[in-house]
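No lab work stands behind these numbers, since they all come straight from the coordinates. Everything quoted here is computed from the prediction, not taken from an experiment. All Cβ positions, glycine included, derive from the backbone under ideal geometry; neighbour counts span all protein chains shown.
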Amino acid sequence: MTSFLEIPAVPGSLRQMNRMTVLHLLRKFGPITKPALANYSRISRPTISKLVDELEEQGLAERVGVAAPTASGGKPGALYRFNAEGVQSAGVFLTVDTVRVALVNGNGRVLGRLERHLGLDRQPEPVLNVIVETLQDLLAALHMTLAQLLGIGVGVPGLTSFATGVVHFAPHFPQWHDVPVRDLLKAKLGIEVWVDNDCHVQALAERHFGAGQSCTDFATVESGIGVSAAFYLQDSLYRGVGETAGEIGHMTIQEDGPLCECGNRGCWETLAATTWMVEQAYQSEQVPWLPLPTRVRSEDGSLEKLAPDVINTLAHMIFRAAQEGQPEAIDLLRRHAMYFGIGLATIINTLNPQRIIIWGDSIKGDDLFLETVRDVVRQRAMRRPREMCTIVFSSFVQDVGVIGAASLVIDALFTHYQPLS
Ligand SMILES: [Zn+2]
């Protein structure tokens with residue numbers, strides 16, 4: 001009688017798992033010999049030998065020397081490691097008005113980058129054509145071809161299904177509804193493509209190449225025009241059943257707070273984004289040092305919206321003024337950091353992560369911001385999860401988006417990568 005617990009064999013699945021195990025070990029412990037790989041993995045030596053040879057042939061493993069002779073006088077074995085420098089993939093990061101493309105190796109190092117503005121036509125086809133042309137131009141400049149790439153990862157600012165590669169909704173691309181970006185790009189380029197939303201790919205960048213490398217459980221949180229987050233839990237990116245996880249910027253923290261873009265009031269991002277800090281400056285009479293642009297007031301009394309680049313510029317100026325000791329700027333920054341910290345305390349209480357990695361153009365590297373956030377968390381989060389969690393800035397100075405997009409390819413390599421036949 002067959003037990004319910006018996007797992008049916010899937011042809012090729014064991015081989016695929018062995019292959020991933022060997023790749024993991026080569027990446028983590030390399031340079032390493034075949035016998036040592038067999039010891040670590042409990043996979044038979046002949047199987048290990050065959051797998052390592054195959055990986056070397058595919059350019060994923062490399063031989064880097066010979067181990068020291070053993071005490072018993074045995075024949076020294078060749079040493080292998082993951083061929084991180086030789087593995088290359090393309091990261092494509094779509095922003096509101098540009099496409100950034102980079103060639104990234106298996107160490108997360110950017111070997112070349114190109115950025116293009118999108119044209120006025122934001123329909124899917126013209127935008128995808130800009131992606132293809134930018135990638136082709138970058139490869140030509142680097143004297144490379146598509147065939148040399150392991151694959152392409154694409155980060156998109158919108159609700160995206162990683163499993164199907166379909167972008168369901170993108171607020172800045174109103175004509176996009178259920179666009180099969182993965183399949184369309186695959187048809188145009190003829191190589192493997194992975195697509196996910198921009199926050200998710202940034203968490204993958206941290207996991208593979210940044211401050212999340214040593215963590216199995218962490219969150220990434222960005223403060224900018226809005227607040228966005230991603231959660232990496234139990235050693236995998238948590239996407240949620242509908243793959244929309246991460247919209248924690250829209251949890252209510254003030255029931256009658258400012259109106260949010262999502263229609264709700266008092267969402268965390270209406271108070272913790274840099275937009276709030278800039279709006280507070282407009283309401284203050286204490287900031288003559290800040291060149292606030294004049295805004296038109298509509299019939300209902302509300303001020304016209306500021307463009308994202310204007311908010312970024314003003315937020316930078318407030319941070320710089322705070323660093324120079326301007327009291328009103330320090331006050332604005334502290335209040336901004338306080339609201340940001342309140343949300344982090346909730347994440348710590350809810351998820352018990354090892355680390356929260358924060359980033360954002362204005363906040364990066366600002367000690368006063370980080371210290372204020374940590375103080376608020378100390379006051380508000382529960383002791384046990386709080387003491388287990390460190391709050392740090394992202395270690396990426398630039399390129400996090402394209403490195404994250406390319407991380408989709410690296411992540412697939414260590415989870416479910418199947419080379420094109
Ligand atoms: Zn909201």
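Taking the alpha-carbon set of the chain, what are its Rg and Dmax in Å?
24.2, 89
Could you give each residue of region 51-61 its phi-based ³J(HN,Hα) in whole Hz, using Karplus coefficients 6.51, -1.76, 1.60 with θ = phi - 60°, and x for Gly or Pro?
Ordered by residue, 3J(HN,Hα) equals 5, 5, 4, 5, 5, 5, 4, 7, x, 8, 10 Hz.
To the nearest 10 degrees, how steep is helix 327-351 against the longest Cα principal axis of the chain, on a 0 to 90 scale?
Relative to the chain, helix 327-351 is tipped by roughly 40 degrees.
So what is the calculated 222 nm ellipticity per residue for the chain, using -39500 (n - 2.57) for each DSSP H run with n of 4 or more, over all residues, to the nearest 500 deg cm²/dmol?
Working: 13 runs with 167 residues, N = 421.
-12500 deg cm²/dmol, from helical runs alone.
Pull up all non-local amide H partners of PHE169: gap of 5 or more, or a different chain, and H-to-H distance under 5 Å with H placed in the peptide plane.
Under 5 Å from the amide H of PHE169 lie the amide H atoms of LEU159, ASP178, each far enough along the sequence or on another chain.
Starting with the fewest neighbours, write out LEU23, LEU271, LEU120 ranked by other beta-carbon atoms found within 10 Å of each beta-carbon.
Details: LEU23 20, LEU271 24, LEU120 6.
Going from sparsest to densest Cβ surroundings: LEU120, LEU23, LEU271.
Mind sorting LEU259, LEU51, LEU159 by how few other Cβ atoms lie within 10 Å of their own Cβ, fewest first?
Numbers: LEU259 12, LEU51 22, LEU159 17.
Starting with the residue having the fewest Cβ neighbours, the order is LEU259, LEU159, LEU51.
For THR252, THR294, which order do you get if you count the other beta carbons within 10 Å of each Cβ and list the fewest first?
Values: THR252 14, THR294 6.
Ascending Cβ contact count within 10 Å gives the list THR294, THR252.
Could you tell me the relative contact order of the chain? Use alpha-carbon pairs under 8 Å, at least six residues apart, and round to a whole percent. Working shown, then result.
Numbers: 755 pairs, mean separation 62.9, N = 421.
About 15 percent, as a whole number.
Can you give me the long-range amide H partners of ASN83? Hydrogens built in the peptide plane at 1.01 Å from N, cutoff under 5 Å, separation of 5 or more residues or another chain.
ALA61, GLU62
Starting from the amide H of THR98, placed 1.01 Å from N in the peptide plane, find each other amide H under 5 Å away whose residue is 5 or more places distant or on another chain.
Amide H to amide H, under 5 Å and 5 or more residues apart or across chains, THR98 pairs with LEU118.
Does anyone have the angle between helix 308-323 and the longest principal axis of the chain? Alpha-carbon axes, 0 to 90°, nearest 10?
So the helix axis and the longest Cα principal axis differ by about 80 degrees.
What is the local net charge at LEU55, summed over the other residues whose Cβ is closer than 14 Å to its Cβ (Lys, Arg +1; Asp, Glu -1)? Walk me through the numbers before you get to the answer.
Details: positive: ARG15, ARG19, ARG27, LYS34, LYS50, ARG63, ARG81; negative: ASP53, GLU54, GLU56, GLU57, GLU62.
Taking every Cβ under 14 Å from that of LEU55, the sum is +2.
Please list, in order along region 95-100, the HN-Hα scalar couplings obtained from phi with the Karplus expression 6.51 cos²θ - 1.76 cosθ + 1.60 (θ = phi - 60°), rounded to whole Hz, x for Gly and Pro.
So the Karplus estimates, Gly and Pro as x, are 10, 4, 9, 9, 10, 10 Hz.
Compute the signed sum of charges (Lys and Arg +1, Asp and Glu -1) over the other residues within less than 15 Å, Cβ to Cβ, of GLN354. If you can, show how the numbers build up before the last one.
Numbers: positive: ARG207, ARG355, ARG384, ARG386; negative: GLU206, ASP217, ASP235, GLU387.
Residues close to GLN354 contribute a combined charge of 0.
Pairing the Cα long axis of helix 274-283 with the longest principal axis of the chain, what angle in degrees results, from 0 to 90 and rounded to the nearest 10?
For helix 274-283, the angle is close to 10 degrees.
Ordered by residue, what ³J(HN,Hα) values in Hz, to whole numbers, does region 260-273 give under the Karplus form 6.51 cos²θ - 1.76 cosθ + 1.60, where θ = phi - 60° and Gly and Pro are x?
9, 4, 7, x, 7, 10, x, 4, 3, 5, 5, 10, 9, 7
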